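Everything below concerns the one structure shown next.
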Amino acid sequence: MSASALWEDWTCTVRLVVTDPAALGPSRRYLTGLMSEVEQSSSRFLATSDLSRVNARSGTFVPVGGRTLALVDVALDAAAETEGLVDPTIGHQVMAAGYDRDIELVRGRLVPAAPAQAVPPADWRQVRVDHELSRIGVPRGVVLDLGATAKAWTADVAAHTIAALHGTGVLVEIGGDLAVAGRADRPWQVHVSEIAGGDGEQIGLTHGGLATSSTAARAWRTAAGDAHHIVDPRTGRPAAGPWRSATVWAPSAVDANTASTAALILGAEAESYLAELELPARLVDHGGRVRTLGAWPVSVEAS
């Protein structure tokens, strides 16, 4: 027997499932509180967040909270693991592509062509983190964006904390980032799709994390053509390649999100990259054709 809750936050669907129904109420309160803390730390659209203050005062060290230090550390680890393919300093490039406000507002307008101006190249190695004095600094003009990892980190931390606190099996899904923890009598049934509620397949997930990166989920129209939020740091432009979405199963949601984002940016090299990491994956090309790699979880019938 299990209990679940479904709601909207961070302009995406949040799902919480626990195997012990008595744990649902306190687990939801914990998750919503954690998400609020993460938003206060890392939202690019909240002027009072630590991230916004760091970006507004680029060129100097800015005092931040411990939560922000942890989130930036995770983002820099992802950058190092992917040799800069998943780079948290692409904020300026993301805004230049049109994603300069909440995605619901961006979807509803035609974004003008980006003005011809010098944009500092993305380079995660220029971010300075002072753990001793709890400060972060970025070079002048550089804009941090933690969107590639903060959501997955929140799912991981929430799932493992809830499992430890309440002794329950738990599934936490925030948008396309999902983590499971604790004991469950049967595999978690997960619907894998490119956008929330879209066509896809049902799989049985036993452990770890799952993440889907998609060029369709957060996309908009511009005067120069369609654009999306996954920016290739090497070009400063939305990633272009044969795949419109990548779903990866990994030991954690952060690992899965890092790999799925890097796969879309790599394009034609995605298959060899994922094979080298030995991570099961599901790739969908622009024609809707699906290719699965490695030990992709077995499809199951929805209950």
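For every residue, the table says whether it meets (1) under 25 Å from Leu71 (Cα atoms); (2) modelled with pLDDT of 90 or more.
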{"position": "His228", "(1), (2)": "yes, no"}
{"position": "Val231", "(1), (2)": "yes, no"}
{"position": "Trp249", "(1), (2)": "yes, yes"}
{"position": "Ile265", "(1), (2)": "yes, yes"}
{"position": "Ala268", "(1), (2)": "no, yes"}
{"position": "Ser272", "(1), (2)": "no, yes"}
{"position": "Gly287", "(1), (2)": "no, yes"}
{"position": "Ala302", "(1), (2)": "no, no"}
Odd one out for Gly167 among (1) more than 21 Å from His92 (Cα to Cα); (2) out of contact with any strand residue (DSSP E or B) (no Cβ under 9 Å at 6 or more places or on another chain); (3) surrounded by 15 or more Cβ atoms within 10 Å (Cβ to Cβ): (3)
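Quickly run through segment 193-211 and pick out the residues that are under 17 Å from the mean Cα position of the chain (by Cα), surrounded by fewer than 24 Cβ atoms within 10 Å (Cβ to Cβ) and in contact (Cβ under 8 Å) with a residue 24 or more places away in the chain. Don't jump to the end; show me each part of the working.
Step one: of segment 193-211, the residues under 17 Å from the mean Cα position of the chain (by Cα) are 193-196, 208-211.
If we keep only those that are surrounded by fewer than 24 Cβ atoms within 10 Å (Cβ to Cβ) too, we end up with 193-196, 208.
Residues satisfying the conditions are Glu194, Ala196, Gly208.
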Those residues of segment 1-31 which are among the β-branched types (Val, Ile, Thr) and at pLDDT 95 or above, in sequence order: Val14, Val17, Val18, Thr19
Residue in segment 262-273 that is under 30 Å from Ser2 (Cα atoms) and either part of a helix (DSSP H, G or I) or assigned by TED's automatic domain parsing to the domain that holds Leu210 (or both) present: no
Checking Ala164 against (1) modelled with pLDDT of 95 or more; (2) not assigned by TED's automatic domain parsing to the domain that holds Pro238, the condition it does not meet: (2)
Given (1) modelled with pLDDT under 95; (2) exposed (fewer than 15 other Cβ atoms within 10 Å of the Cβ); (3) touching a Phe, Trp or Tyr at 6+ places or on another chain (Cβ under 7 Å), number of the condition Gly108 does not satisfy: (3)
Count of segment 43-59 residues which are at pLDDT 95 or above and either over 12 Å from Leu144 (Cα atoms) or touching a helix residue (DSSP H, G or I) at 6+ places or on another chain (Cβ under 6 Å) (or both): 5
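When you look at Ala179, is it under 20 Å from Thr149 (Cβ atoms), touching a His at 6+ places or on another chain (Cβ under 9 Å), of a type in the set (A, V, I, L, M) and at pLDDT 95 or above, yes or no?
Numbers: under 20 Å from Thr149 (Cβ atoms): yes; touching a His at 6+ places or on another chain (Cβ under 9 Å): yes; of a type in the set (A, V, I, L, M): yes; at pLDDT 95 or above: yes.
Yes; evaluated as a whole, the condition is true for this residue.
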Ala219 over 23 Å from Ala179 (Cα atoms), modelled with pLDDT under 80, outside the structural domain of Glu83 (by TED's automatic domain parsing) and more than 12 Å from the chain's Cα centre (by Cα): yes
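The values are calculated or read from the model by the stated rules, or taken from the named source; none is laboratory data. Computed from a predicted structure; not experimentally measured. Cβ: placed from backbone, ideal geometry, glycine included. Neighbour counts: every protein chain shown.
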